[in-house]
Structure formats: C-alpha cells, structure tokens
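Quick note: the coordinates plus some simple rules give every number you see, no bench work behind them. Quantities reported herein were computed from a predicted structural model and do not represent experimental measurements. Glycine gets a Cβ as well: all are built from the backbone with ideal geometry, and neighbour counts include every protein chain shown.
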Amino acid sequence: MKKCDLLVIGMGPAGMAVTAMGAAMGLSVLSIEKDKVGGECLNCGCIPSKALLKAGEALHSAKNLRGYGIEGQFTLNSSDPMQVVRDKTHAINDKKFQKAFERATMVKGEAEFLDDRTVQVAGESYTAKKIFIATGTEPFVPPIPGLSDVPDILTNMNMFEIEKMPESLAIIGGGAIGSEMAQAFSRLGTKVSLAHMDPHLVPVGDGEAGRLLEEVFAGEGIEVHNGAKITSVSVEGGLIKTVTDKGTLTSERILVAAGRKPVIEPLRLDRAGVEFTRKGITVDGRMRTSRPHIYAVGDCNGHSLLSHAAMHQGMLALMDAMSPVPMGMLKRERYVVPWAVFTQPEIAQVGMTEKEALEKGLKVHVVKKDFRSYGRTVADGRPEGFIKVITGPRGKIYGATIVGEAASELIHEWTMAIQYKKKMHHVMMMQHAFPSVSMINKMVAEDWMMEKMKSKWMQRLVKLVK
C-alpha cells in the first residue's frame, strides 16, 4: 500500500487547488483523475462555453457593424466555431498547464473507498493522513417520457464535440448553461427554442434581470417558453418533438441543461462511513465530512455549484487540514459567493436579490440605475441593462444585481463591500476612473446619497447652514 500526506480524488477546480497548494507546501500529494485534468470546467464547461459565446459575439458584432458606420459581409463555416473552441481548450490544457502539478503524483482511474483510510484505483491501494473528495457533478437528465430514447442527446459533456452546427436546437433548461448556449448557438446560425419550468430565465437571480435577458433573446429570434411543463419528447420524421403545455418545439438536436447531480456513487462512501444525500456529500462549515480527516470540496458537497467557489473551498479546506487548531476564518459561510451568467448582456449577482430580502422581512431600500443613463455604455453601443443595489436604512448593502456590459467584472466591488461590511457611502467616496464602466457603481451609490439628502434631518441641517 502506498502512503502520502494528501490524497485528492478528482482534478477539477477544487481538486486542482488542493493539489497545487499542497505540493507547493512540500507535502506529498497523490491526485486521482478518471478523465482529464481540469474537470468539466476546463474541458466541457466554463472555458469552452466562453469560447463558443465569444465566437457568437464576434459574428453578431460583425453583422451589426452598421451601427458604428461600418459596412461588410460575413459568413460562417458551420464546422469552424466548435473546432476553434476545441483548439483553444487544448491550448490551455497543454504541458505548461500540467507543469503546475508536476510535483504531485498523478494516478489515472476511478477511485473507490475500501475503508475510511484507504482508496483503491485500478487494483492499487493508497492511504493518506488527509483525503479530499472533489468529484464534482454531472448533468441531470430529467425523467421526461421519451427523452432517454432520443439518440445523441446533447449535454455540456458532449456538445463541444459536434462536427456541425445544427439547423435547429431545442434546449431544456433556462439557467446559466441553457441561457448561454441558447445565445451562442443562435448567433452562430442555429434556430433556438428553449423551454423550462421556472418563471423567468436565470431563475436563481433577479426576476427583472431575467426578463430583460428574455427581451434581448426575443430580439435575436430565440424562442423562450417560461413556466413550461414538458410532457414528452419523441423523434418523428428525423426531427425531435418536445411537447410542452406552452406548445411543441421541433428541432434537429436537443440540449439538456436541467441541472446537475453530484458524482458520488462510484466512490463507495458507505465503506468509509461518509454521510451523503442526493444533493451531495454532507459537510460542516470547514468542508469536513462525517469522517473529520476526509473533506468534500466543490460541487460534490452541494454548496455553491460554481468553479470559483470550488477553488475557494479547496483552499480553505487545505488550510484547515494543516491548521493545528480550528480557525473561524476558514469557515465557508464567512465568504459571500458572487456569480455571473456570460450572455450578452451579462447577469451578475451577489448577496440577496430584492425578492429574497423582502421575503426575509428586511426593511430595505432599492437603488437602481439604468445603463442607458451613463454616457460610456451608450457610446459603447451597450445601453441595455441596469444595476440594482439592495440597501438598509443606513446604507448597509444586502445584495447587488447587475445586468449589462461587464456585469461579471462590476459585481466584485459589491462582493468586497458585503464581505467586509462596507456601506454605500464607502463606495460613493472611492474614486473611480472616468469613463470606465465601473463608474456606474459609484454613480448608483451617489444616487443613494441624493435620496438621503431629501430626508427631514438633512433638510434641517441645510437650513442651519444657509
């Protein structure tokens, strides 16, 4: 049996963080991966999806250059976009990327526990002082009648391997993956229709943001069916029929983007005494499982199914494993988690939405500023969108929603403010370079202050100094 300090199962974002940091500390690290280093994020998730979105954006921008006084004609080679995506993904996952893990021992294969201290891969047994499970999630295919009988269903696991862009595509699911791929495929020439059970696109976020994205989709010819119950899927005459209570979607291909499920069954967690539910492996705030020397980090624990959250959890868990005493700063709950959807316009969120704050019974004030009120975003040809900040009576920041140009970048200022308990006046008093897009963060804080200037006590103060 081979021994090491750390044993990491899964080399997605969380597992890579543990492996790289552990090896840098001088620990002996053994990392197990059944497929490719980088997990879904690098190979069939975050990175390739952004490459495809960028291809769609490039063609869409080229076709709309008239708005900038430029004329031109552009065509699409139907096989080129996906090949470009594959080339970029392979370029990232090259020897330079692999070099970051050369101080760790890498083992290829599927891991299973023999007991709470021993893991077996391909007939070889390994043991370690600390074990990190980072197996991630996989696509959930809902039990819709007939769906499993449709050949070549697309999910994020295989859609970047197609050789030809389909003429038409039906998408089940209106979350981040469904929305991003709807716009990417549509802009690259595919007729896209989307159906999902929620009331608006990107249902975990602000309803107003989702509805604005739907308006943009409608203008681009993407058919969206909100609150749709899908009753059956079948193949008729070579085409796929997706029947919903809002109508029937007919398409050449179908993409299932209806959520995720944790990859835990192959691990034989029962042998290790590690507790889990259908949502994921049960962990405490320090990412420890029911066996304190075994950690579960990233999507497999069901908390914040986001790559950056997975990396952060990996970092915190490793620091906890190395700490001689428990440290409160290493608890997952101490850190707010922003997220973004990379459609155009982008949607980003941190903290509570307006609806969530009201459901909690909080006394809040909503400050909203439209992108079209700022000269820079209008000049850029990106006037659609808004920033909405949920504040308390004295400027406490409960949450921020941004939909528009660079929303995924702008959200980090609000993430910092919430995490470190800064208030609206702190944002207002910080200088922002003009005319950067980030100036709109300062502008919405200024609007908040202008509202405060209308208060009775402020009016009395003004009278005193007149």
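Quick notes
- Separation of alpha-carbon centers, segment 391-422 and segment 1-44, rounded to whole Å: 33 Å
- With R₀ fixed at 41 Å, the C-beta to C-beta distance from residue 396 to residue 163 puts the FRET efficiency at about 0.20.
- Among the listed pairs 88/164; 423/454; 360/423; 369/423, no Cα-Cα separation exceeding 28 Å is found.
- What the pair-distance distribution of the chain shows, using all Cα-Cα distances binned every 20 Å from zero, is 22, 50, 26, 2, 0 percent.
- Cα centroid of segment 114-189 to Cα centroid of segment 225-266, whole Å: 15 Å
- Cross-link check: pairs 261/396; 279/396; 3/108 evaluated at a Cα-Cα cut-off of 25 Å; pairs beyond the cut-off: 261/396; 279/396.
- Relative contact order [Cα under 8 Å, 6+ residues apart], segment 345-457, whole percent: 28 percent
- Taking 4.7 Å between beta carbons as the limit, the unpaired Cys residues of the chain are 4, 44, 300.
- Rg and Dmax of segment 147-258, based on Cα coordinates, read 13.0, 40 Å.
- Chain lengthening between residue 75 and residue 368 when straightened (0.36 nm per residue, less Cα-Cα): 101.5 nm
- Per residue of the chain, the DSSP helices (runs of n ≥ 4 H) give a summed -39500 (n - 2.57) that works out to -9500 deg cm²/dmol at 222 nm.
- Full extension of the segment from residue 319 to residue 140, taken as 0.36 nm per residue of separation minus the current Cα-Cα distance, would add 61.2 nm.
- Averaging over all projection directions, the Cα-based convex hull of segment 345-457 occupies 7.0 nm² in the image plane.
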